[in-house]
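Here the structure comes first, spelled out in structure tokens, and everything after it is commentary.
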Amino acid sequence: MRLSVRGFSLRYGVRVAVDRVDLQANPGEVLAILGANGSGKSSLLRGLAGVQRHAGTVEWSGGEPGRVGYMPQDTSARSQLTAFEVVLLGRLRSLAFKVDVADLKAARDTLEEVGISHLAERPIRELSGGQRQLVFLAQVLSAGPSALLLDEPTSALDITHQLRVLALLRSATHSRRLTTIVVLHDLNAAARFADRIVMMHDGRVAGHGTPAEALTAETLRRCYGVEVAVFSGPDGAPVILPLRPCDADAAP
Amino acid sequence: MTAFPADAIIAWRAANSRRVVVMAVGIVLLVASFAADLATGPAMLPIPEVVRSLLGMGTDPMLEAIVHRLRLPIALMAVAVGASLGLTGAVMQTILNNPLASSYTLGISAGAGFGAALAILAGAMIPLPPALVVPAAAFLFAGLACSLVAGAAQLRGATPEFLVLSGIVCLFLFQALLSLLQFLASPEALQQIVFWLFGSLMRASLGQVGVVGLVLLLSIPLLLRDAWQLTALRLGDERARALGVQVDALRLRAFILVSLLTGVAVAFVGTIGFVGLVAPHIARMLVGEDQRHLLPSAAIFGALLLSAASVASKLIMPGAVFPIGIVTSLIGVPVLGWLVLRSRTAP
């Protein structure tokens, strides 16, 4: 599905969280949204997912409507539902009272794909934050979406699982022609796994392009207020080394 | 955790089978409690004779009269009202995301109490039998309380926080009005009001049982139709919305339905506490949170609790019947205390 966003604005009361943003995302592409805390990344994603009212137009074209999978940032869960049941709920649109075998198989296969079959019978509230994040990711994937909107899907994961999840998302995006938009805080992960990057600052787009185009020292200084050094990594992707806050005294 | 976990589908189906067995055991216990309820009273009857009488094979006219005319409406009402309160409690706890929610939380029962008290006071001015006026007024004011909360939620959005706050406003409003009526009432009327508020199954008739049972039987499929959506609500509003649930509409629809169910139940028997609070917790501990199993289980265990309380109310003081609302509270308080302690010490 192709996403076309024009004049997107979102406010909470009088506070403007996202201000007249235009962006496009294409099938088979991972688009990372980066920016400092409070820059409007999550609000933009919530608006795109349709769970928050906004102004402007959001158009999904070239796919089945209702096939947009959204994974919120919050992974807290007080429920006794098991991991398998949570993933099965990802199929909510097709779930009948007597559950169809196709839905059960989709849930089981997605648990295997994400590598958490061993958690299937565990209540979600007893899992660690990282394990819950994997379960919720499996929930989104189990629906067989055409597009993915993921809000910090790796924030609670250890480094191994971060790499695995990002590689899984990248390969699924390319092989299934998904349109994947992912909010990330890890600049180096975004540089390696995203095809394109949108930098947000104060609710607006401050820069966009390929990782090499978007992740410049100047843009990062403007968006984060941090001096950085940008190198070229072994695979050609930029590697960002934060040096010091711009307003800090002479750093060691 | 095992190195080679069982297939997730097989494990899930096995868990579902266990839940069905739990429900079946609950139904067997309910049948036993129902039989005990028919057998106990000022005249203790042998259970085999009671069963024979129920099957139309009775030979003793006195026993037939006791069972069919006196005890059957009460025992059936305990089952119907208990099931209604258990079901409404489970739905309230789910839609409000609050383990302490029940029909009391949102002022529905308080509205019914005020309506009943008003009818008792004004009864002499209304040319209808009190047995009809009091339940009708209780139901009308339960409906009014529900309308106030639902109307406010329509204006501001049916979030759990807003529903609970609106419900508490409603609760205090009707409690204050009820206190005013009690202050103004004559000693005789005050006695009737207090007795109604205790909750009692003694006024039950087969016609009333039919009304409560019919509303219950109509509500169950309507709620079960939304079972998966209600289950998704347990993951929080935003995640439920992300899964495609129309959260506000679902919450309002379920709230109005269970308010109707509560209104009908308490209209005939008065305010009976704790069943709607405790039964869903017991059901949740035994069958989990898949609402396809939780809702019927909460109804079964609600019916079992009230039926057992009905038996206990006749055994506590031989020759007298304790108001059942007091018995359910006496049973419910330690159970609730245990649940609270358990949740504080849970990992």
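The values are calculated or read from the model by the stated rules, or taken from the named source; none is laboratory data. What you are looking at is a predicted structure, and each value in this text was computed from that prediction instead of being measured. Neighbour counts run over all protein chains shown; Cβ positions are idealised from the backbone, glycine included. Calculation scope for accessible area: heavy atoms of the full protein, side chains included, ligands and nucleic acids excluded. Shrake-Rupley method; radii C 1.70, N 1.55, O 1.52, S 1.80 Å.
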### Query
Can you give the convex hull volume of the alpha carbon atoms of chain B per residue, in Å³?
165
### Kyte-Doolittle mean at least 1.6 and Cα axial length at least 18 Å: DSSP H helices in chain A
none
### Task
For A:T160 paired with B:L341, estimate the spin-label separation in nm (one decimal), with each label point 7 Å from Cα along the Cα-to-Cβ line.
4.2
### Drop in accessible area of at least 50 Å² in the complex versus isolated chain, residues of the stretch B:216-251, 1.4 Å probe
B:W228, B:L235, B:E238, B:R239, B:A242, B:L243
### Message
Please give the Cα centre distance for the stretch A:44-65 versus the stretch B:227-300, rounded to the nearest Å.
### Response
31
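Equivalent-ellipsoid semi-axes (√(5λ), Cα gyration tensor) for the protein assembly as shown, whole Å, largest first?
With the √(5λ) rule applied to the protein assembly as shown, the semi-axes are 57, 27, 19 Å.
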### Message
Sort B:292-302, B:218-228 by the packing proxy (mean of other Cβ within 10 Å over each peptide's residues), most packed first.
### Response
B:292-302, B:218-228
#### Entry: Inter-label distance, nm, simple model (7 Å from Cα along the C-beta direction), A:D74/B:L214
4.3
### Message
Could you tell me the center-to-center distance, by alpha carbons, between the stretch B:113-188 and the stretch A:75-102 in angstrom?
### Response
39
### Query
In the protein assembly as shown, carbon and sulfur make up what percent of the accessible area (probe 1.4 Å)?
64
